[in-house]
Amino acid sequence: MTSKFKTVAVWLPSVLLLVAFAWSLNLTLFNWWASGGPPVQHPEIYRHRGNVFCGISFVLFLNFIVAAWVLARRRKRGLLLDGKRESYGYYLNPLTKPIR
């Protein structure tokens, strides 16, 4: 895998989680607005759908936070997706052997 492909493969799920969160939050706010804003025949249906989308938004946001935290932690430690370090044969610590 090339370096650019790895970078895209690592960050793409986080970006997609953020976009899905924003979309779900938009649906949440629309359904809550529709339940109390304009006169509709069954506002309780819109309120229920707003609550369901709120739960989905919450789960997506938590997943995004976890994914961003894992990415930041891996980047700080210098780990790639396969668990190997980014330095190839160089000493990470002068007191240890090189990692190959």
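The numbers here are math on the coordinates, done by the rules we state, and not lab data. Since we're looking at a predicted model, the values are computed, not measured. Reconstructed Cβ throughout: ideal geometry from the backbone, glycine too, with neighbour counts over all protein chains shown.
By the scheme Lys and Arg +1, Asp and Glu -1, what is the net charge of all other residues having a beta-carbon under 13 Å from that of residue 28?
Within the 13 Å Cβ shell, the charges total +2.
Which of the listed residues, 61, 12, 33, is farthest toward the dipole's positive end in the range 3-77, when Lys, Arg count +1 and Asp, Glu count -1 at the beta-carbon?
Final value for the positive-end residue is 12.
How big is the dipole moment of the range 3-77 about its Cα centre under a simple scheme where the beta carbon of each Lys and Arg is +1, that of each Asp and Glu is -1, and everything else is neutral? Debye, nearest 20, please.
Dipole about the Cα centre, nearest 20: 740 debye.
Grab the beta carbon distance between residue 5 and residue 62, set R0 = 30 Å, and tell me the FRET efficiency rounded to 0.05.
0.60
Can you pull the one-decimal nm distance between simple spin-label points at residue 15 and residue 74, each 7 Å off the Cα toward Cβ?
Taking the simple label geometry, residue 15 and residue 74 are separated by 1.6 nm.
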